[in-house]
Amino acid sequence: MKTDPLLDPEFLGSLRRDMVRFADLQLRNKAQAEDAVQEALTAAFQGREKFASKASLRTWVLAILKNKIVDTLRQRVRDDVMVDAENDSDLNAYFDDREHWAEDTRPSSWATPDQSMENKRFWEVFETCLYRLPEASARIFTMREVMGFDTDEICQTLGITNSNCWVQLHRARLALRACLGGNWFGEAA
């Protein structure tokens, strides 16, 4: 007799912990993150007979959570217009007059990127750096690079223009580079 993993307390506890961390990072609101996780787990439990095993159960439940997060983000956009008041002058410090990397900001070579990427500590530092980004930039970066949304989906979900999306992605990448450079790769920030 096959047991239901959603009824296994150890599996469910581990899954829920990961879901809460992911939702909190996306929504930056503990109550909304908890609500999204609860709704996703409830939907997974109620619809578990529809699970076709094409992906792992964990992946399937996380996909449900992603949809709940998108629903929450769409609701936020309807409730409140996002305004980006960031200053572009801080970006100019990374480039010279010819729009090439300034000497002291040029990306350095990584000694062992494979080891760094697999290192659990790296992901902790990365998550901290991501959490330090402005809310809109972090959300857009995660939707694009983690959740796999294309630009049009992001723009439609958040009610932003294509160019605003690309500017936010650019800023997020620069900020993550600076944060990881200073906190992981030992470069001057």
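The values are calculated or read from the model by the stated rules, or taken from the named source; none is laboratory data. Not measured: the values here are computed from a predicted model. Note that each Cβ is placed from the backbone with ideal geometry, even for glycine, and that neighbours are counted across all protein chains shown.
Which residues, taken from region 171-189, are within 17 Å of the chain's Cα centre (by Cα) and free of Cβ contacts under 8 Å to residues at least 60 places away in the same chain?
172, 173, 175, 176, 179, 180
So, in region 122-145, how many residues would count as being farther than 16 Å from residue 27 by Cα and among the aromatic types (Phe, Trp, Tyr)?
Final tally of qualifying residues: 3.
Looking only at region 96-113, decide whether some residue is in a helix (DSSP H, G or I) and either within 29 Å of residue 59 (Cα to Cα) or at pLDDT 85 or above (or both).
Residues of region 96-113 in a helix (DSSP H, G or I): 103-105, 113.
Adding the requirement that they be either within 29 Å of residue 59 (Cα to Cα) or at pLDDT 85 or above (or both) leaves 113.
Yes: region 96-113 contains one or more residues that are in a helix (DSSP H, G or I) and either within 29 Å of residue 59 (Cα to Cα) or at pLDDT 85 or above (or both).
Checking the condition part of a helix (DSSP H, G or I) and under 16 Å from residue 71 (Cα atoms), which residue from 41, 6, 12 passes? Write out each step before concluding.
Values: 6 fails: under 16 Å from residue 71 (Cα atoms); 12 fails: under 16 Å from residue 71 (Cα atoms).
Answer to the selection: 41.
Here's the yes/no breakdown for (1) in contact with a Ser or Thr (Cβ under 8 Å, 6 or more places away or on another chain); (2) among the small types (Gly, Ala, Ser); (3) part of a helix (DSSP H, G or I); (4) surrounded by 15 or more Cβ atoms within 10 Å (Cβ to Cβ):
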site	(1), (2), (3), (4)
121	no, no, yes, no
124	no, no, yes, no
128	no, no, yes, no
131	no, no, yes, no
136	no, yes, yes, yes
141	no, no, yes, yes
147	no, no, no, yes
155	yes, no, yes, yes
164	no, no, yes, yes
